[in-house]
Amino acid sequence: MSKKNKKKNVAEKSASKKEAILKTETKSQSPLRTLLVVAVVVIGGLGFYLFQSGFDSKPQARTPAIQPEVTATEVSFPVQAFADGQAQYFQYPIGNGTTVRFFVLRSSDGVIRAAYDACDVCWREGKGYQQDGDFMVCRNCSQRFASVKVNEIKGGCNPAPLNRTIVGDKLVIKIADIVQGSQYFDFTKRS
């Protein structure tokens, strides 16, 4: 063998050895890389889902800080319980698997207002409203409604008004009025 051929043979063996080593390293890193890619995709997908749906897009089962007094015909609350201007959320099960959700708040003009936690437009999504300062915000379409307009304006995405009266130091809502809002919470009628 000539000197040239020996050098070529040594170089080929060296290249072959290097390639074998590199392929081995690549093979041992492949499961790690695959795991890393899968983790990134899962975390990215979860982040996208939470961003799209929002952490708080659906109403949670809220335990009201105020416990109403319930009789056969009405639900009543102490007026003073709404002094802080924070919306308080309530649920009233009417049977047949339907629970009517509503909220009560003292608006910035001092009036205690009540509305179903739904509207004529977005009720099918079952998301309701959340309070943002002096506004109630639809959790589905993000429209904002001034607290002073709750229970005043009907239709569209406005919170659907719920009749209420003040009797002495009590806010009174008739159960018949609560039940009238059941169409907003019968999700079998979604279409």
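Here, each number is a calculation from the coordinates, and none is a lab measurement. Everything quoted here is computed from the prediction, not taken from an experiment. Cβ atoms come from the backbone with ideal geometry, glycine included; neighbour counts cover every protein chain shown.
Once both labels are positioned 7 Å from their Cα atoms along Cα-to-Cβ, the gap between residue 109 and residue 84 label points is 2.5 nm. Each residue, residue 135 and residue 165, gets one label point 7 Å from its Cα in the Cβ direction; the gap between the two is 3.5 nm. How much net charge surrounds residue 119 when only the other residues with a Cβ under 13 Å from the Cβ of residue 119 are counted, with Lys and Arg +1 and Asp and Glu -1? Net of charged neighbours comes to +4. Return, ordered by residue number, the residues of the range 110-139 whose backbone nitrogen is under 16 Å from a label point located 7 Å along Cα→Cβ of residue 96. Taking a point 7 Å out along Cα→Cβ of residue 96, no residue of the range 110-139 has its backbone N under 16 Å.
Extension gain for residue 144-residue 121 works out to 6.9 nm (0.36 nm per residue, less the C-alpha to C-alpha distance). Taking a ≥ b ≥ c as the square roots of the Cα gyration tensor eigenvalues, the range 69-189 comes out oblate, since a/c reaches at least 1.5 and a/b does not exceed b/c. Distance between the modelled labels on residue 180 and residue 32, one decimal in nanometres: 6.9 nm (7 Å Cα→Cβ projection).
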